[in-house]
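These notes are about the structure you will find just below.
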Amino acid sequence: MSDPELTLTARIIDRIEKIAPTAWDACAGGDNPFVSHAFLQALEISGSVGRGTGWLPQHIVLEDATGEIHAAAPLYVKGHSQGEYVFDHGWAEAYERAGGKYYPKLQVASPFSPVPGPRLLVRPSPQQLSIREALIRTLTQTAENSGLSSLHVTFCTGDEAAALAEHGYLHRLGCQYHWHNQGYRSFDDFLGALSSRKRKALRKERAQVAAQGLDIRALSGDDLKSEHWDAFFAFYMDTGGRKWGRPYLTRAFFAALHESMREKVVLVMAFRNNQPIAGALNLVGRDTLYGRNWGCIEDVPYLHFECCYYQAIDYAIAHGLKRVEAGAQGEHKIQRGYLPVETHSAHWIADPNFSAAIADYLDRERQALEHEMAGLATLSPYRHSDEG
């Protein structure tokens, strides 16, 4: 990058431990834990990403002549489309039927984390926008020089998607369900914002769980012990094995998460007779609780909703957080107060004919999604202003 005041050089880093945490986090900011140095390093040192996993780190940094990092992007060479939650399997099949080679591809992402947030990480400065432009150009040039089929920037911010679109990336919309704190003082205060029918339904669900006599705790920081992680990993392996065939995260990842990020962890666990039977993993950002993984070894009606959604709302209200993001998919979240919001990704496709075909597909997909979200909005459980 050339600038009257600043010249930056791009460098590819194959392990994030080669970058000082303070340098990376100065670019990532403190809002979203999923792009923090600690989270990405936990994935690498635990073997959850790296050789043999289909996620090969090739992080991009832009640094000045003194070695100070001004921008970064968590970049991976992907050998498959697993663990992304922005589904492009159909694109891969179509390209390979036409004689192309879709994999490997490049991916800017937080692995296994369908969490919207920044992906073009730039240190705050008066030159921040021009440095972001330089980072986009670097990513594009890296993709062009690689000879690979494509580069995908998933769950980026809407502003980033718009900036990438100006550089020829295709903009894709998605949908998630988030809960927004309207200054509620308690869970009952939140319930008061719902229609009478939905309010009764939620109370009934919580009452049925309460009648089971379970002890449900939200564990964080030093309250978390190795036995809690052992139990949760067993839940994760059981549920992940049934859903995906091969769970992505290793036990060592949760140990690394505990070591470096336990103050940002909220592990909701349900106990029966002091024995853990279910758990939901959350991470805390500056103003948001991010729900991630869930698992159980006992089937209890509505316990999933209690641990993943209602306990998260309880925690957010008690700690003054603005949002709970409950992860990918699930229209059932709407009736529990989680409303649909748009998510964004951006895609650079090397083959111009293939790019044009995907652009046409995305136009039609966007229209269908906008129609679907308009319909979902009518299912809101919140009472209208004229309701008592």
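Coordinate-derived values only; no laboratory data. Worth saying up front: this structure is predicted, and the values here are computed from it rather than measured. Here the Cβ is made from the backbone with ideal geometry for all residues, glycine too, and neighbour counts use every protein chain on show.
List of remarks:
- In the chain, lysine pairs closer than 30 Å at Cα, eight or more apart or cross-chain: 26
- Rounded to 10°, Cα long-axis angle of helix 251-261 versus longest principal axis of the chain: 90
- Share, in percent, of DSSP beta bridges within the chain that are antiparallel, nearest 5: 90
- For Asp222, Asp14, order by how many other beta-carbon atoms lie within 10 Å, fewest first: Asp222, Asp14
- Against the chain, whose longest principal axis comes from its Cα atoms, helix 196-210 is set at around 80 degrees.
- Rel. contact order, % - alpha carbon contacts under 8 angstrom, at least six apart, the chain: 20
- By the count of other C-beta atoms within 10 Å, a proxy for reagent exposure, Thr142, Thr9, Thr343, Thr22 are ordered fewest to most as Thr22, Thr9, Thr142, Thr343.
- Fraction in percent of alpha-carbon pairs per bin - 10 Å, region 182-321: 11, 40, 35, 13, 1
- Residues Cys27, Cys296, Cys175, sorted so that the one with the fewest Cβ neighbours within 10 Å comes first: Cys175, Cys296, Cys27
- Nearest-ten-degree value, helix 226-244 long axis tilted from longest Cα axis of the chain: 70
- The amide H of Thr250, built 1.01 Å from its N in the peptide plane, has Ser48 as neighbours under 5 Å, considering only residues 5 or more places off or on other chains.
- Checking every one of the trypsin sites (Lys or Arg not before Pro) in region 237-319 against DSSP loop status and a limit of 16 other Cβ atoms within 10 Å picks out Arg286.
- Where trypsin sites (Lys or Arg not before Pro) fall in DSSP loop in region 93-201, at most 14 other Cβ within 10 Å: Lys101, Arg185
- Phi to ³J(HN,Hα) by Karplus 6.51 cos²θ - 1.76 cosθ + 1.60 over region 291-308, Hz, x for Gly, Pro: x, 10, 9, 9, x, 7, 10, 9, 8, 10, x, 6, 5, 4, 5, 4, 6, 7
- Comparing Ala234, Ala377, Gly67 along the charge dipole axis of the chain, the residue lying farthest to the positive side is Ala234, per the Cβ-charge model.
- Given 15 as the ceiling on other Cβ atoms within 10 Å, longest exposed-site-free region of the chain for GluC sites (Glu not before Pro) in DSSP loops: 167-297
- Cα centre as origin, Lys/Arg/Asp/Glu Cβ charges: the chain dipole, Debye: 980
- Directionally averaged projected area (the chain, Cα convex hull): 20.5 nm².
- Karplus 3J(HN,Hα) series, Hz, for region 95-112 with 6.51 cos²θ - 1.76 cosθ + 1.60 (x for Gly, Pro): 5, 6, 5, 7, x, x, 10, 7, 9, x, 9, 10, 9, 9, 6, 9, x, 6
- Working note: Karplus 6.51/-1.76/1.60 with θ = phi - 60° gives region 358-375 the couplings 5, 4, 5, 4, 5, 4, 5, 5, 4, 4, 5, 5, 4, 5, 5, 5, 5, x Hz, where Gly and Pro are set to x.
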